[in-house]
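Trainee: My structure is below; once you've seen it, I'll send some questions.
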Amino acid sequence: MGRWEKQTDIRDKKSLSGQEIMDLNFINDAGPYRFRKFYRSGLRSHIFEVLSHEAVEQELSGIVKDGVKFFPRARPKKVFRIFRNRFSETGQIFDEIKKYKILLNRLGPEMIARSEEFIVDYTHNGKKHILLCGLQEYIDGEILDPWKIVDSKFLENLFYTTYKIGNNTDKIIARARKNIRLFTERIRKMILTDRYIPDLAGVGNLVLTPAGSIQLVDINNIVPVEFNGIVSVDDRGYPSCDVSVHVLFILEGLLLSHPPGKEDPLYREFMSPRRKKEVKSLERKFYERLK
């Protein structure tokens, strides 16, 4: 790169490498950790695994156990997120953090990947900008993809084919079903009390652990819920609210076999044929813009 050539703002880059993270002015490159691109990356954040040097070396060089050499994948200590949003003042960042705190209070720390949010000064082309970052819990488990749920047997299929836990599988499935029911109840409470809903729709946003816990790992797209007949879109132009309500409908109606009645105020507002048709149209336009 020439001396006077301007660098691209990291918030505009499609992706970043681990080395690019280490080169940022607010990262201590002498620390004991390495950064590796996470398997999922959102439209709103750059997401990286935070790994110890030792774990990475074992993954590359392998270890010998009982005379057999294997290469254990490095397990992240944390997940590091850099938000793409541009904030002109810290008050806007505090508004985002406030929504996260609502989510934490409503769902409880046992149902979300908790995060330590912090503000940094990002130097780009000689100018300083404020960025919101987060160090988030790494949740080990299987993705709960709502769009693959066709009936209440989904949990049995997932746990028996993926985890192969053995004699305790039935108990863990029952625990998972209980936790998912509690999760949907708390989401409903958040909608009706706070008029917010988190993004439940993205593939990878919900994770089921081997112990039967459900965890929301995408905690940074929390959108308003308005009962005014209008389909709203988020800051990226996606109808997150309506699609997330649809996921709630799938969890309650298909996974838990408790289809809500026709007079349910939430679904009467958001799941009408006219509204679902409009949401599908907005989704198509959204994905066309991404091409």
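The values are calculated or read from the model by the stated rules, or taken from the named source; none is laboratory data. Note that this is a predicted model, so its numbers are computed, not measured. Cβ: placed from backbone, ideal geometry, glycine included. Neighbour counts: every protein chain shown. We work out accessible area using only protein heavy atoms, side chains counted, and drop any ligands, DNA or RNA first. Shrake-Rupley method; radii C 1.70, N 1.55, O 1.52, S 1.80 Å.
Trainee: Kindly give the semi-axes, whole Å and largest first, of the ellipsoid equivalent to region 195-285, taking each as the square root of 5 times a Cα gyration tensor eigenvalue. All intermediate terms of the calculation are to be shown ahead of the outcome.
Mentor: Working: eigenvalues 95, 63, 26 Å².
Whole-Å semi-axes of the equivalent ellipsoid: 22, 18, 11.
Trainee: Shifting gears a bit: Starting from the 7 Å offset along Cα-to-Cβ, what nm value, one decimal, do you get for the label separation of N168 and E269?
Mentor: So the label points at N168 and E269 sit 4.1 nm apart.
Trainee: Measuring from label point to label point, each 7 Å out along Cα→Cβ, what is the F118 to L60 span in nm?
Mentor: It works out to 2.6 nm between the two label points.
Trainee: Report the Cα-based extents of region 124-206 along its three principal axes, largest first, to the nearest Å.
Mentor: 60, 32, 21
Trainee: If region 40-177 were replaced by its equivalent ellipsoid, with semi-axes equal to the square roots of 5 times the Cα gyration tensor eigenvalues, what would those be, largest first, whole Å? Before the final figure, lay out each step's value.
Mentor: Details: eigenvalues 241, 129, 31 Å².
After diagonalising the Cα gyration tensor, the semi-axes are 35, 25, 12 Å.
Trainee: Per residue, how large is the accessible surface of region 85-184? Use a 1.4 angstrom probe and give square angstrom. Before the final figure, lay out each step's value.
Mentor: Numbers: 5610 Å² over 100 residues.
Solvent-accessible surface per residue comes out at 56 Å².
Trainee: Could you tell me what percent of the accessible area of region 72-113 is made up of carbon and sulfur, with a 1.4 Å probe and every protein chain present?
Mentor: Numbers: 1080 of 2190 Å².
That share works out to 49 percent.
Trainee: Order the following by accessible area, largest value first: E110, E117. Probe radius 1.4 Å; ligands, DNA and RNA are ignored.
Mentor: Details: E110 90, E117 40 Å².
If we order E110, E117 from most to least accessible, we get E110, E117.
Trainee: At 0.36 nm per residue, and after removing the present C-alpha to C-alpha distance, how many nm does the segment from L135 to R86 gain when stretched out fully? Could you put the intermediate results ahead of the total?
Mentor: On the way: separation 49, 0.36 × 49 = 17.64 nm, distance 1.89 nm.
Roughly 15.7 nm would be gained on extension.
Trainee: Largest first and to the nearest Å, give the Cα extent of region 15-93 along each principal axis.
Mentor: 58, 26, 19
Trainee: Let me ask something additional. Can you work out the PRE-style zone for N125? Point 7 Å along Cα to Cβ, and I want the residues of region 6-26 with backbone N under 14 Å.
Mentor: Counting backbone N atoms under 14 Å from the label point, the list is 6-13.
Trainee: Between N25 and S52, what's the calculated FRET efficiency when r is the beta-carbon distance and R0 is 22 Å? Round to 0.05. Could you put the intermediate results ahead of the total?
Mentor: Numbers: r = 23 Å, r/R0 = 1.05.
Rounded to the nearest 0.05, the efficiency is 0.40.
Trainee: Please work out the Kirkwood hydrodynamic radius for region 52-123, using every pair of different C-alpha atoms, and report it in angstroms with one decimal place.
Mentor: Details: mean 1/r = 0.0628 Å⁻¹.
Radius from the Kirkwood sum: 15.9 Å.
Trainee: A follow-up question, please. Rounded to the nearest 500 deg cm²/dmol, what is the calculated helix-only ellipticity per residue at 222 nm for the chain, with -39500 (n - 2.57) per DSSP H run of length n ≥ 4? Can you show the working numbers first?
Mentor: On the way: 8 runs with 98 residues, N = 291.
Rounded to the nearest 500, the figure is -10500 deg cm²/dmol.
Trainee: Oh, and also: Accessible area per residue for region 224-291 in Å², computed with a 1.4 Å probe and the full protein assembly in place, what is it?
Mentor: That works out to 57 Å² per residue.
Trainee: I'd like the carbon and sulfur percentage of the solvent accessible area for region 130-283, probe radius 1.4 Å, heavy atoms only, ligands and nucleic acids excluded.
Mentor: Numbers: 3730 of 7030 Å².
Carbon plus sulfur share of accessible area: 53 percent.
Trainee: Could you compute the FRET efficiency for K69 and D95, with r as their C-beta to C-beta distance and R0 at 35 Å, rounded to 0.05? Display every interim value, and only then the final one.
Mentor: On the way: r = 52 Å, r/R0 = 1.47.
Efficiency at R0 = 35 Å is approximately 0.10.
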